[in-house]
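Below: one structure, written as structure tokens.
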Amino acid sequence: DGGITQSPKYLFRKEGQNVTLSCEQNLNHDAMYWYRQDPGQGLRLIYYSQIVNDFQKGDIAEGYSVSREKKESFPLTVTSAQKNPTAFYLCASSIRNEQFFGPGTRLTVL
Amino acid sequence: SQKIEQNSEALNIQEGKTATLTCNYTNYSPAYLQWYRQDPGRGPVFLLLIRENEKEKRKERLKVTFDTTLKQSLFHITASQPADSATYLCAPSNMNTGFQKLVFGTGTRLLVSP
């Protein structure tokens, strides 16, 4: 089955720790995205990548980093510099008009 | 800056009725507008896309309108069912390529009662 997978589904982190969220797609899409969703708020774009080895900051990139070494993979690292990292993180990819989303990772900072 | 507004209050309707959700945008002139469905704890799923030169688009029980003068899109679900209960997000854009930098609204939660 083609699609986007994210792991883990739930992630707990202690303050001061970096964590990496995984995003893999087998849809052969060039473009990939990371969003953050907080209760009562829309999806906010963290980073996006239009092609392998290239990525751009979105609207709320501070405290996050990404890499795009392979077409299929777009991992997101939440660093200790992110002041309020507890949120629901969504990865997506696109071809033509629509975006295809993964199931999400819920990150909680203890 | 671009602003997308969707009714933050939940919409409660009876099964069989038509649900109408609103998406208003300001400081923006999108050429396309997409609607997505999101269930709790899951990623959004694409439903429909409408272009600025299309006044109306239909897909099964779904209908979307796009009024560029009013800067508004309406999303209708006819003969609603409890399974339609979810949050619906609108996302205007100007791109028609594989890369889409979408701005999403906060979404409107729809609750359909049996």
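Looking at region A:75-96, which of its residues are assigned to a loop (DSSP other than H, G, I, E, B) and away from every other protein chain (no Cβ under 14 Å)?
Correct list: A:Pro75, A:Thr79, A:Ser80, A:Ala81, A:Gln82, A:Lys83, A:Asn84, A:Pro85, A:Thr86.
Which count do you get for residues in region B:28-46 that are at the interface with chain A (Cβ under 10 Å from one of its Cβ atoms), of a type in the set (A, V, I, L, M, F, W, C) and buried (at least 22 other Cβ atoms within 10 Å of the Cβ)?
0
Among the candidates A:Tyr47, A:Tyr33, which residue alone is closer than 12 Å to A:Leu90 by Cα, surrounded by 15 or more Cβ atoms within 10 Å (Cβ to Cβ) and within 9 Å of another protein chain (Cβ to nearest Cβ)?
Just one listed residue meets the conditions, A:Tyr33.
Assess whether A:Phe100 counts as being part of a strand (DSSP E or B), without any contact (Cβ under 8 Å) to a residue 60 or more places away in the chain and not hydroxyl-bearing (Ser, Thr, Tyr). Step through it out loud before you land on a result.
Values: part of a strand (DSSP E or B): yes; without any contact (Cβ under 8 Å) to a residue 60 or more places away in the chain: no; not hydroxyl-bearing (Ser, Thr, Tyr): yes.
No: the conditions fail for A:Phe100.
Among (1) over 21 Å from B:Cys90 (Cβ atoms); (2) at pLDDT 95 or above; (3) part of a strand (DSSP E or B), there is one condition A:Gln50 misses while meeting the rest; what is its number?
(2)
Please specify each residue of region B:55-110 satisfying the condition of being within 14 Å of another protein chain (Cβ to nearest Cβ), in a strand (DSSP E or B) and touching a residue at least 60 places away in the same chain (Cβ under 8 Å).
B:Tyr88, B:Leu89, B:Cys90, B:Ala91, B:Pro92, B:Ser93, B:Thr108, B:Arg109
Among the numbered criteria (1) in contact with a strand residue (DSSP E or B) (Cβ under 7 Å, 6 or more places away or on another chain); (2) under 13 Å from B:Leu89 (Cβ atoms); (3) not in a strand (DSSP E or B), which one does B:Tyr28 miss?
Among (1) in contact with a strand residue (DSSP E or B) (Cβ under 7 Å, 6 or more places away or on another chain); (2) under 13 Å from B:Leu89 (Cβ atoms); (3) not in a strand (DSSP E or B), B:Tyr28 violates only (2).
Would you confirm, using the coordinates I've provided, whether A:Ser22 is among the hydroxyl-bearing types (Ser, Thr, Tyr), assigned to a loop (DSSP other than H, G, I, E, B), more than 13 Å from every other protein chain (Cβ to nearest Cβ) and touching a residue at least 40 places away in the same chain (Cβ under 8 Å)?
Details: among the hydroxyl-bearing types (Ser, Thr, Tyr): yes; assigned to a loop (DSSP other than H, G, I, E, B): no; more than 13 Å from every other protein chain (Cβ to nearest Cβ): yes; touching a residue at least 40 places away in the same chain (Cβ under 8 Å): yes.
No: the conditions fail for A:Ser22.
Rundown of residues vs (1) under 30 Å from A:Ile60 (Cα atoms); (2) touching an Asp or Glu at 6+ places or on another chain (Cβ under 6 Å), yes/no style:
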{"position": "B:Glu52", "(1), (2)": "yes, no"}
{"position": "B:Glu56", "(1), (2)": "no, no"}
{"position": "B:Thr65", "(1), (2)": "no, yes"}
{"position": "B:Thr68", "(1), (2)": "yes, yes"}
{"position": "B:Tyr88", "(1), (2)": "yes, no"}
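The values are calculated or read from the model by the stated rules, or taken from the named source; none is laboratory data. Nothing here was measured: the structure is a model prediction, and the numbers come from that model. Here Cβ is always computed from backbone atoms with ideal geometry, including for glycine, and neighbour counts include all displayed protein chains.
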